[in-house]
Amino acid sequence: MARRIPSLKALSCFEQTARFGNASRAAEELYLTQSAVSRQIQGLETWLDCKLFAREKQRLVLTPEGESYLQSIRPALDQLESATLTLLSGGSESGVLTLAAPPTFGSRCLIPLLPEFRSKHPEIAINFISRIGIPDFDREQIDIAVLFGEGQWSELDAHILHGEEMVPICSPQLIANLGRTPRAKDLRNFPLLHIATRPRGWADWLSASGLRDIDGENGPKFEHFTMAMQAAAAGLGVALLPTFAIEDELETGRIIAPFGQPKASPFHYYACAPRNRARLPKIRAFMSWLDQLDTVAHLSMPSGTQTD
């Protein structure tokens, strides 16, 4: 006997429209036209012989019948998707998880935690590659990428990791002739070293420090944190770097941070996966593990406390 089940296309349109309260946004998510989504919902309402949505101003809201139906079918849709993704990933929850992260953040913050994940999920092998910015997930076969920003990537499922604190650093020799303890305003006397992935880093830090009369736009530019740190250690100028990237060098005295306390960036690091693959078992396992971490303890930054 044939099952009395609506089409999956209609159910997907219903679920996404309920999620966004807007047929246009649901259409973008499903790569359909707005009219196609509207037709699917109208057909579903006819098939079910009830109204699923009511319009309130510019938003579609679920009717009581629509809310009840959504809560009933969502677990089944999740289970169907999970079973499909498991089969596509090799028929089991095992597999290879490919992580992409900026090199300094990856080596200093994330890689030291991976043995713990492997101990909990020995069935998942890990490949780790260095990437700055949003990668081509499909072409490069990347499962999860660490990104730095506001966390608003429409096609990505983003899990916040932690923030970033920036502090000016330099070589001890650079200020040896100053004859006194440096102050933040002394930065006007030194070249400011810039990082390509933080084009407004100095301008924002100087503004937050009340030093708007210092030019925070000009100066030598370096592609990566490590390059800027090496340049500062060599005496070329003062670099503005995240505290997590320089704790070892500060401890050894190779560089110093004499111009004031670190200041928090308005942006954060996120672990991101494409929404259409976020429910793959290996990705869900890693994201769940991240969510369970005490990120303050595990991914903390020193000093009282798009990367490179």
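The values are calculated or read from the model by the stated rules, or taken from the named source; none is laboratory data. The model shown is predicted, which means the values in this text are computed figures rather than measured ones. Here Cβ is always computed from backbone atoms with ideal geometry, including for glycine, and neighbour counts include all displayed protein chains. Please note that ligands, DNA and RNA were not included when accessible areas were found on the heavy atoms of the full protein model with its side chains. Shrake-Rupley method; radii C 1.70, N 1.55, O 1.52, S 1.80 Å.
The table for this structure:
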quantity	calculated
Subset of segment 164-187 (residues that are buried (at least 17 other Cβ atoms within 10 Å of the Cβ) and small (Gly, Ala, Ser))	Ser171, Ala184
Pairs with Cβ under 9 Å, 6+ apart, first in segment 56-71 and open to solvent by 100 Å² or more (accessible area, probe 1.4 Å), second of a type in the set (S, T, N, Q)	Gln58/Asn22; Arg59/Asn22
Residues satisfying the stated conditions in segment 135-158, i.e. within 9 Å of the chain's Cα centre (by Cα) and part of a loop (DSSP other than H, G, I, E, B)	Glu150, Gly151, Gln152, Trp153
Single unsatisfied condition, Gln306 versus (1) of a type outside the set (Ser, Thr, Tyr); (2) surrounded by fewer than 17 Cβ atoms within 10 Å (Cβ to Cβ); (3) at pLDDT 85 or above; (4) in a loop (DSSP other than H, G, I, E, B)	(3)
Condition check for Leu32: at pLDDT below 95 and touching a strand residue (DSSP E or B) at 6+ places or on another chain (Cβ under 8 Å)	no
Residue that is most open to solvent (accessible area, probe 1.4 Å), among those in segment 266-303 that are at pLDDT below 90 and of a type in the set (Val, Ile, Thr)	Val296
Unmet criterion (only one of (1) part of a strand (DSSP E or B); (2) surrounded by fewer than 18 Cβ atoms within 10 Å (Cβ to Cβ)) for Arg212	(1)
Residue in segment 243-265 that is closer than 28 Å to Ser130 by Cα, assigned to a loop (DSSP other than H, G, I, E, B) and modelled with pLDDT under 90 present	yes
Conditions (1) open to solvent by 40 Å² or more (accessible area, probe 1.4 Å); (2) assigned to a helix (DSSP H, G or I); (3) more than 16 Å from Leu70 (Cβ to Cβ): number failed by Ala27	(1)
